[in-house]
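**Student:** Quick one: the structure is below, and I'll ask about it shortly.
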């Protein structure tokens, strides 16, 4: 049994805005005698939009209506109606995520991505999406090797390290093609604050591009030096013997014929400097997707599926932007009263909204262990009842736990997800049930506004 979903990924970046429509196939991959295991088995890209320059009102404000018009026009060209999109993500990436009115743009676009809106991508999420969309993660898995993807955009370089297909580390540097902008005569009219300790508006752009390329070499261990540390925005990522490049600048790495200021920025010169640097002297991957890598990652990879042993009662879907609080193993393995106090302490961090209580749970617990866990959760919910109450367990015990909680609490809006491992700082979107109500699609995301 399989089901298809129409997904959209919308990326509003420092330099460009674009979107991709994909068809996701959801399939039960378990045999007839096992608990159903639903997974996204196929991803087919149906439409790639044109690459649009991100419209800005000023250096600090995005033109929200301008972005909305771009998306409306691409929906029309793709012959897709808003109501036919079932899942997807709107992400604001790079320096654009730091603009004053990023939330206004999200609000303007919120109706275009089905049940889900991934708001602003933090550096880690952006790195992951680009690494998956570029094909670096898949190559790493298929060739049992380590790959470091550098997604070089307008304002940032997002790094993601994959080992055997698994994400191991992420990082972000303030290095990109739009750190300098030029007028029609090649005069610099904008210099990013991050470059001002090193350069002025009158500096030679070729020297600036070489300097940034050298910093990237330092960051991945190909050149000795510490200058790159001035550009770390999140944290530094571990390196790997095999590099992969995506992002708008990666599109320009092999283009020797393009005019220096074809895009009115540093992108062409930076791409050229990278091509002639140590970054491209050793083995490296030419990404399957370069400038569209993040948005394809968003359209294909942000949607995950809960386990099929779930429980939900009196809950209204979809649910968006639920903050996650995570219980430690030590907190789980205490008395019901102590577990209750731990949950209340975590919930107090988000007093004004429903929250997701995430725990690992014990695999195949006996009845007594399950009732003890349910009792601790129920005691907490009696004192701080959210609507809905959302529990997420890593082990496949969601249905049994939900039933045990209901026996103690009575009927209430309750959702028990399982098969998902969550982390502090994450937010959750939960879509409408699919596969005859057996599974819930979710988006795990990082919001930074």
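Results for (1) over 20 Å from residue 146 (Cβ atoms); (2) exposed (fewer than 15 other Cβ atoms within 10 Å of the Cβ), shown as yes or no for each residue.
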position	(1), (2)
238	no, no
243	no, no
253	yes, no
257	yes, yes
268	yes, no
272	yes, no
287	no, no
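**Student:** While we're on this one: Select from the stretch 242-254 the residues that are touching a residue at least 60 places away in the same chain (Cβ under 8 Å), in a loop (DSSP other than H, G, I, E, B) and within 14 Å of residue 280 (Cβ to Cβ) and list them in ascending order.
**Tutor:** The answer is 249, and nothing else.
**Student:** Scanning the stretch 88-128 for residues that are under 25 Å from residue 177 (Cα atoms) and out of contact with any strand residue (DSSP E or B) (no Cβ under 7 Å at 6 or more places or on another chain), which turns out modelled with the highest pLDDT?
**Tutor:** The extreme case among them is 103.
**Student:** Being assigned to a strand (DSSP E or B) and crowded, with 24+ Cβ neighbours inside 10 Å narrows it down to one residue among 150, 161, 167; which is it?
**Tutor:** The unique qualifying residue is 150.
**Student:** Quick one: which helices (runs of 4 or more DSSP H) sit completely within the stretch 306-410 and have at least 3 residues that are more than 22 Å from residue 438 (Cα to Cα) and over 31 Å from the mean Cα position of the chain (by Cα)?
**Tutor:** So the answer is 336-347, 367-383.
**Student:** Kindly establish whether residue 85 is farther than 19 Å from residue 176 by Cα, at pLDDT below 70 and out of contact with any helix residue (DSSP H, G or I) (no Cβ under 6 Å at 6 or more places or on another chain).
**Tutor:** no
**Student:** Further, regarding this structure: Take the residues of the stretch 407-422 that are within 23 Å of residue 334 (Cβ to Cβ) and surrounded by fewer than 19 Cβ atoms within 10 Å (Cβ to Cβ): which is modelled with the lowest pLDDT?
**Tutor:** Checked the stretch 407-422; the qualifying residue modelled with the lowest pLDDT is 421.
**Student:** In the stretch 315-364, what residues are touching a residue at least 40 places away in the same chain (Cβ under 8 Å) and exposed (fewer than 13 other Cβ atoms within 10 Å of the Cβ)?
**Tutor:** 316, 335, 337
**Student:** Of the residues that make up the stretch 219-229, is at least one within 26 Å of the chain's Cα centre (by Cα) and free of Cβ contacts under 8 Å to residues at least 12 places away in the same chain?
**Tutor:** Yes.
**Student:** Out of curiosity, is residue 155 at pLDDT 90 or above, part of a loop (DSSP other than H, G, I, E, B) and buried (at least 22 other Cβ atoms within 10 Å of the Cβ)?
**Tutor:** When the stated conditions are applied, residue 155 does not pass them.
**Student:** I've got another one for you. Output the number of the condition that residue 175 fails; it satisfies all remaining conditions of (1) modelled with pLDDT under 95; (2) in a loop (DSSP other than H, G, I, E, B).
**Tutor:** So the condition that residue 175 fails would be (1).
**Student:** Also, quick follow-up: From the list 295, 268, which one is outside any strand (DSSP E or B) and at pLDDT 85 or above?
**Tutor:** Sole residue among the options that is outside any strand (DSSP E or B) and at pLDDT 85 or above: 268.
The values are calculated or read from the model by the stated rules, or taken from the named source; none is laboratory data. Everything quoted here is computed from the prediction, not taken from an experiment. When we count neighbours, we look across all protein chains shown, and the Cβ atoms used for this are built from the backbone with ideal geometry, even at glycine.
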